[in-house]
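Just below is one structure, and these are the notes that go with it.
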Amino acid sequence: MSHFSGILQLTDLDDFITPSQECIKPVKIDKSKSSGTGSKIKIQSDGSYVQLDEGGAIQPLQRVDISLTDCLACSGCITSAETVLITQQSQDEMMRIFNEKRKLIDSGQIAEAQFIVVSISMQPALSLAETFCIPPESALKKLTGYFKRLGADLVVDMNVADDFVLLEAQEEFIERYRMKADGSKSALPMLASSCPGWVCYAEKTHGSYILPYISTTKSPQQVMGSLVKNYLPQYLKDSNRPIYHVTVMPCYDKKLEASREDFFDSTTNTRDVDCVITAIELEQLILSERKNLAEEEEGELDWPFPGEKSTLHLTSSLGSGSGGYAHHIFLHAAKELFPDQQASLEFKALRNQDFQEVTLEKDGKVVLRFGIANGFRNIQNLVQKLKRNKCSYDYVEIMACPSGCLNGGAQIRPKDGTSPKEMISKLEALYRQLPLKAKPECNDAVNTLYDTLLGGRNSDKKKALLHTKYHALEKNSNALNIKW
Amino acid sequence: MKVLYVCPVEMAASGRLDLVDSLTGHRGRVWNVSWNPTGTVFASCGEDKTVRLWTKSSGQRTWMNKTVLTDGHQRTIREVAWSPCGNYLASASFDATTAIWDRKSGEFECNATLEGHENEVKSVCWAKSGNLLATCSRDKSVWVWETSEDDEYECAAVINAHSQDVKKVIWHPHDDILASSSYDNTIKLFREDISDNDWINCGTLASHESTVWGIAFDKTGTRLASCSDDKTVKIWQQYLPGNPEGVVTQSNEPTWKCVCTLSGYHSRVVYDIAWCHQTDLIATACGDDAIRVFKETPSSHKNQPEFELICTVHRAHTQDVNSVAWNPKEAGLLASAGDDSRVNLWQFKEETIIF
């Protein structure tokens with residue numbers, strides 16, 4: 001059973017697009033030069049394939065390996081077999097890195113060990129807190145303690161990245177709004193880009209119809225990736241030390257996102273995020289040590305950023321548990337574009353709880369219409385409206401999972417009779433109890449990084465580190481795929 | 001002097017299907033036939049990407065192709081379905097779309113296209129209430145669409161309960177309960193969960209050993225017939241929670257139990273099944289080119305029903321029979337479609353044979 005979530009694939013959830021029927025990725029075969037008539041292929045008793053050449057010599061044939069990059073570059077299916085992921089993005093791989101590091105340290109080769117950074121997002125921390133019955137802030141600190149025990153050099157929360165994303169997205173919205181006023185047809189609606197399941201689906205299925213509308217702002221995970229790989233060497237004053245970056249995420253699709261070519265640096269041959277680990281996998285790892293997270297020592301989160309260390313690690317926003325994009329950008333846009341109007345954040349549910357909208361009116365006319373669409377059925381309706389030019393939204397926060405990221409596909413499943421719905425409302429309640437975050441504009445670390453690392457708010461470097469591109473995939477229509 | 005002797009008399013139900021009409025017009029395979037709710041018109045569709053509407057003028061014996069709907073699809077049309085009001089037609093195509101045709105202008109015109117399936121749409125069906133539509137596809141999903149007053153169609157659910165290609169969707173004759181059958185050998189039932197307006201799988205019927213190609217409810221909606229690649233027909237009986245028979249139910253959902261398997265009658269895959277809501281007869285379309293009619297025996301018991309084969313038309317088509325449909329008003333009138341590009345009409349006549 002594959003584990004992709006939301007729009008891609010999720011077990012026990014009736015709200016996702018399906019995986020492939022069969023992989024249709026064409027495989028390049030290097031023909032042997034000697035054979036004129038073609039050679040024979042035999043299947044051995046152990047299931048391996050061998051080639052018999054004219055002389056009768058046996059040559060083992062190589063198995064075709066489909067990499068995650070192949071899958072992302074192919075329109076054949078939405079996801080691939082899970083085995084594809086296991087090589088790079090698994091708990092085994094993460095543990096291998098930690099163990100390797102320990103061996104190097106034990107043998108005194110500290111200088112050669114990778115510098116390991118772990119970035120923990122809010123949703124899996126809440127999922128683990130609920131599962132192990134620990135208060136959220138304490139769960140995060142115990143998780144920090146766990147990673148430090150494994151050998152992590154730095155453990156950080158995602159607040160700096162979250163704030164960068166909100167600031168960039170709100171600026172992008174204002175810019176797009178003005179482009180629309182100037183006549184641009186593909187400026188609005190702006191569609192949220194932080195859900196990799198949604199982005200992957202849009203690229204594979206709707207290509208050029210939809211991609212121009214998707215916000216170019218990177219997701220918090222990938223902004224964190226940029227910061228870790230571009231800022232930390234400065235901070236460490238060591239540009240040669242290899243950094244291994246682990247993120248802790250609520251969904252498997254984040255693994256796909258981390259594997260995108262766009263986030264691979266060919267000059268250093270590293271990814272901005274090397275390994276994505278999810279709440280479910282962490283639970284398994286902790287339980288496999290026959291431990292309870294509650295027994296773990298609390299660790300202190302690190303603060304490698306400029307300015308004063310933030311004391312609040314887990315925070316909530318007024319908006320959704322998926323990042324609160326719609327709420328935040330709505331308030332910003334209302335203030336910026338219609339300063340005389342009183343904006344109220346009354347989101348009302350439309351067809352279902354997973355499709356909500358909020359409007360700002362001026363003189364009885366709707367001037368801003370924002371939506372939140374969670375889950376595949378609502379995404380479908382939105383996409384179809386967009387295709388038929390009947391979409392009246394200015395911004396839509398889109399997440400592939402019903403109920404958004406708190407219900408991410410790799411959040412820990414409820415046990416002992418709790419229904420998934422009860423679980424979501426528990427996490428939702430935990431989230432609402434978190435302290436409210438300060439305005440991202442007030443984040444001194446972010447403001448300093450704009451000036452120092454990014455070279456200002458309009459620089460090319462800022463664009464490169466905080467924005468990305470999307471790629472439409474050509475549909476591969478092959479007559480061999482027809483089935484009655 | 002004649003010798004009189006008494007022999008034991010055995011009576012058996014029997015019947016025959018008389019060919020009423022054999023209609024040409026389609027090029028290539030005809031995949032499906034479907035009667036409108038009043039039984040005055042039927043639609044057929046197939047490989048030639050057209051939907052054809054056939055009617056009989058008053059006083060005429062023969063059925064005429066009055067309308068050909070073209071340009072709705074780019075690939076084979078696999079199935080066509082009428083809305084309960086008879087004013088809309090839905091056509092499901094291998095081009096991954098479902099077209100909605102209405103006759104507001106007097107003639108049927110395609111006025112909406114439902115997009116969303118990844119690939120071939122295999123079946124489409126309108127719920128009795130008229131504002132829900134279901135489709136299914138090779139992409140393994142079943143979709144429920146909601147129609148609004150302004151003829152907008154919105155996706156109400158995408159259900160991924162099957163693990164393989166979904167072949168057929170049908171609605172319960174009275175309630176908003178949906179049934180689907182699949183290449184994964186199962187039939188699944190779905191209903192709306194009122195708490196969050198999502199659709200949930202409320203039953204899985206497993207017993208067939210291969211693809212379930214067709215399913216049909218009886219007129220009460222408490223029985224379901226299914227036909228399969230395993231050459232059998234199965235009858236499923238619904239048992240409500242707390243049923244007197246003591247059949248176990250789970251989470252307050254009815255259990256559907258296979259109470260009868262008809263094997264040995266079909267020599268190849270059974271592609272379609274139709275349960276007549278007037279006569280209670282079951283007709284099957286088979287890959288051995290035959291149409292068969294089954295009838296429940298009078299002494300049959302609810303929990304162990306018996307059905308007998310009362311009629312077989314060998315070479316009903318010269319190739320595979322793909323679809324059978326009973327006229328909803330005219331008892332015994334059956335339409336069939338085949339790979340031989342024909343649509344045939346049959347009249348069933350019951351006769352009692354005395355041995």
*Segments classed as strands (runs of 3 or more DSSP E), wholly inside segment B:182-266, with at least 2 members that are within 14 Å of chain A (Cβ to nearest Cβ)*: B:186-193, B:198-206, B:212-217
*Are there any pairs with C-beta distances below 9 angstrom linking a residue in segment A:117-141 that is free of Cβ contacts under 8 Å to residues at least 40 places away in the same chain to a residue that is of a type in the set (G, A, S), with the two at least 6 apart or on different chains, and if so which?*
A:P135/A:A129
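Yes/no per residue for (1) open to solvent by 30 Å² or more (accessible area, probe 1.4 Å); (2) of a type in the set (V, I, T); (3) in contact with a Phe, Trp or Tyr (Cβ under 6 Å, 6 or more places away or on another chain):
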residue: B:V248; (1), (2), (3): yes, yes, no
residue: B:G264; (1), (2), (3): yes, no, no
residue: B:T284; (1), (2), (3): no, yes, no
residue: B:S299; (1), (2), (3): yes, no, no
residue: B:Q304; (1), (2), (3): yes, no, no
*Find the residue count for segment A:236-262, including only residues that are over 15 Å from A:I97 (Cβ atoms) and of a type in the set (F, W, Y).*
1
_Selection count, segment A:124-152, where residues are over 16 Å from A:L406 (Cα atoms) and either of a type in the set (S, T, N, Q) or touching a Pro at 6+ places or on another chain (Cβ under 6 Å) (or both)_ = 2
*asked:* Here's a check for you: in segment A:264-274, which residue that is assigned to a loop (DSSP other than H, G, I, E, B) and of a type in the set (V, I, T) is most open to solvent (accessible area, probe 1.4 Å)?
replied: A:T267
*Scan segment B:309-355 residue by residue and report those that are open to solvent by 40 Å² or more (accessible area, probe 1.4 Å), in contact with a strand residue (DSSP E or B) (Cβ under 6 Å, 6 or more places away or on another chain) and under 22 Å from B:G264 (Cβ atoms).*
B:L309, B:T312, B:I353
*Go through A:S419, A:S403 for me and flag whichever is within 14 Å of chain B (Cβ to nearest Cβ), under 30 Å from A:Q91 (Cβ atoms) and in contact (Cβ under 8 Å) with a residue 40 or more places away in the chain.*
A:S403
*Taking only segment A:285-326 into account, find how many residues are free of Cβ contacts under 8 Å to residues at least 24 places away in the same chain and of a type outside the set (G, A, S).*
7
*Here are some conditions: (1) hydroxyl-bearing (S, T, Y); (2) crowded, with 24+ Cβ neighbours inside 10 Å; (3) farther than 22 Å from B:G214 by Cβ. B:S181 meets all but one. Which one does it not meet?*
(3)
*Residue pairs meeting the criteria (Cβ under 8 Å; at least 6 apart or on separate chains; first closer than 15 Å to A:Y244 by Cβ and polar (S, T, N, Q), in segment A:261-284; second assigned to a strand (DSSP E or B) and open to solvent by less than 30 Å² (accessible area, probe 1.4 Å))*: A:T270/A:I243
*Just to be sure, is B:E120 of a type in the set (D, E, K, R) and open to solvent by less than 10 Å² (accessible area, probe 1.4 Å)?*
yes
_Filter result for A:E346 (open to solvent by 20 Å² or more (accessible area, probe 1.4 Å) and more than 14 Å from chain B (Cβ to nearest Cβ))_ = yes
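The rows are residues; the columns are (1) in a helix (DSSP H, G or I); (2) open to solvent by 20 Å² or more (accessible area, probe 1.4 Å).
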residue: A:V248; (1), (2): no, no
residue: A:C251; (1), (2): no, no
residue: A:E257; (1), (2): yes, no
residue: A:V276; (1), (2): no, no
residue: A:Q284; (1), (2): yes, yes
residue: A:K291; (1), (2): no, yes
residue: A:P304; (1), (2): no, no
residue: A:G307; (1), (2): no, yes
residue: A:L318; (1), (2): no, yes
*Those residues that are open to solvent by 50 Å² or more (accessible area, probe 1.4 Å) and either among the small types (G, A, S) or touching a residue at least 60 places away in the same chain (Cβ under 8 Å) (or both), I need them from segment A:438-450; list them, please.*
A:A438, A:E441, A:D444, A:T448
*asked:* I'd like the residue in segment B:146-159 that is more than 8 Å from chain A (Cβ to nearest Cβ) and over 23 Å from the mean Cα position of the chain (by Cα) and, out of all such residues, is most open to solvent (accessible area, probe 1.4 Å).
replied: B:E149
_Looking only at residues that are touching a Leu at 6+ places or on another chain (Cβ under 7 Å) and open to solvent by less than 10 Å² (accessible area, probe 1.4 Å) in segment A:351-377, which one is nearest to the other protein chains (Cβ to nearest Cβ)?_
A:A373
*Assess whether B:S141 counts as being within 13 Å of another protein chain (Cβ to nearest Cβ), under 22 Å from the mean Cα position of the chain (by Cα) and either more than 23 Å from A:H206 (Cα to Cα) or free of Cβ contacts under 8 Å to residues at least 12 places away in the same chain (or both).*
no
*asked:* I'm trying to understand the selection: among the residues of segment B:160-178, which are away from chain A (no Cβ under 14 Å) and within 11 Å of the chain's Cα centre (by Cα)?
replied: B:V169, B:I170, B:W171
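The values are calculated or read from the model by the stated rules, or taken from the named source; none is laboratory data. Please read all numbers here as calculations on a predicted model, not as lab measurements. Cβ sites come from the backbone with ideal geometry, for glycine too, and all protein chains shown count toward neighbours. With ligands, DNA and RNA removed, areas are computed over all heavy atoms of the protein, side chains included. Shrake-Rupley method; radii C 1.70, N 1.55, O 1.52, S 1.80 Å.
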